[in-house]
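Since the structure comes first, as C-alpha cells, the remarks are kept for the end.
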Amino acid sequence: MNEHERRAARNALIQWFDSQGIMPGDAGIICFELIAEQLVLKTRNLQELQEAINIQMQFLAIQVAQELRSHA
C-alpha cells in the first residue's frame, strides 16, 4: 500500500470507530489485538516475533511524535 491508501484506510477505520461510539482507548486496544493476531499469523518464531514487536514499537513512537507535531 502507498501512503495515500494507508491514510484512506486509517481514516475509514477512525470513522467506523466513531460511528460505533468506540472510545479512543478501546480503539487502541482493538488495534493492538489486531496487530498481535497479524504478527502471529505471519510467524511463530519467537525471535522473529520479538524483532517485529520492536519494529512496531519504534513505529508507534515515531507516529506519536508526528501526531504531536501536527497538533502543536
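Taking helices (runs of 4 or more DSSP H) that do not extend beyond the chain, which have at least 2 residues that are among the polar types (S, T, N, Q) and at negative phi?
Ranges flagged: 3-19, 46-70.
Which pairs do you get when a residue that is surrounded by 12 or more Cβ atoms within 10 Å (Cβ to Cβ), found in the range 18-29, comes within reach of a residue that is modelled with pLDDT of 95 or more and aromatic (F, W, Y), reach meaning Cβ atoms under 9 angstrom, with the pair 6+ apart or on two chains?
Final answer for the pair search is I22/W16; D26/F17; A27/F17.
The values are calculated or read from the model by the stated rules, or taken from the named source; none is laboratory data. Since this is a predicted model, take the numbers as computed values, not measurements. Here the Cβ is made from the backbone with ideal geometry for all residues, glycine too, and neighbour counts use every protein chain on show.
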